[in-house]
Amino acid sequence: MIREITETDFDQLMTLYMQLHDNPFPERDKRVMDIWNSILQDRNHHIIVAEEDGTIVSSCVCVIIPNLTRGQRPYAFIENVITDEKYRKRGLATACLDFAREIAMRENCYKMMLLTGSKQEGTLKFYEQAGYNRNDKTAFIQWL
């Protein structure tokens, strides 16, 4: 099942995120829970998950960004694409990205952007097969 995150999904999402950049499981302190609640209440912030047998096994984030160009149409930014290593190659991340595209289209976005830190050709081809290209723009990152 592909769906948006709910309030009760925190622990499962954080467990999945432990496979993303070797993130440790965060302490459920006020700071972390304030971030969680802020995301849940933000109508432009969408965490999409794939669930199998009651367990979240894949996810991506889709943030809709208001914009004053392109006829004041927003754009979507995709981040934190992850599938549990035991569930890869089943189309789950593709389904999450497709769900994100539906959100972006519903919000009248003129484009979707996705960045990846991966240099693995298999990962890059996966994103191309999902409809993204690596030729139109050049991304620059400044780490803070």
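Here are the numbers:
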quantity	calculated
Residues of segment 66-115 that turn out to be buried (at least 18 other Cβ atoms within 10 Å of the Cβ), in a strand (DSSP E or B) and of a type in the set (A, V, I, L, M), as a count	6
Count of residues meeting criterion [surrounded by fewer than 16 Cβ atoms within 10 Å (Cβ to Cβ), of a type in the set (Asp, Glu) and touching a strand residue (DSSP E or B) at 6+ places or on another chain (Cβ under 9 Å)] in segment 1-32	1
Residue that is farthest from Thr123 (Cα to Cα) [pool: residues in segment 60-92 that are of a type in the set (Gly, Ala, Ser) and out of contact with any Cys (no Cβ under 7 Å at 6 or more places or on another chain)]	Gly71
Pairs where the first residue, in segment 1-29, is in contact (Cβ under 8 Å) with a residue 60 or more places away in the chain and the second is in a helix (DSSP H, G or I), C-beta under 7 Å, 6+ apart	Ile2/Ala95; Ile2/Cys96; Ile2/Phe99; Gln19/Glu85
Complete set of residues in segment 105-133 that are in contact (Cβ under 8 Å) with a residue 24 or more places away in the chain and either touching a Cys at 6+ places or on another chain (Cβ under 9 Å) or of a type in the set (D, E, K, R) (or both)	Glu107, Lys111, Met112, Leu114
Residues (crowded, with 16+ Cβ neighbours inside 10 Å, of a type in the set (Phe, Trp, Tyr) and part of a loop (DSSP other than H, G, I, E, B)) located in segment 116-144	Tyr132
Single unsatisfied condition, Leu40 versus (1) closer than 28 Å to Gln142 by Cα; (2) crowded, with 16+ Cβ neighbours inside 10 Å; (3) at pLDDT 95 or above; (4) not charged (D, E, K, R)	(2)
Given (1) farther than 28 Å from Arg90 by Cα; (2) assigned to a helix (DSSP H, G or I); (3) not charged (D, E, K, R), number of the condition Leu40 does not satisfy	(1)
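The values are calculated or read from the model by the stated rules, or taken from the named source; none is laboratory data. Keep in mind that what you see is a predicted model, and the values were worked out from it rather than measured. Heads up, the Cβs are rebuilt from the backbone with ideal geometry, glycines too, and the neighbour counts pull from every protein chain shown.
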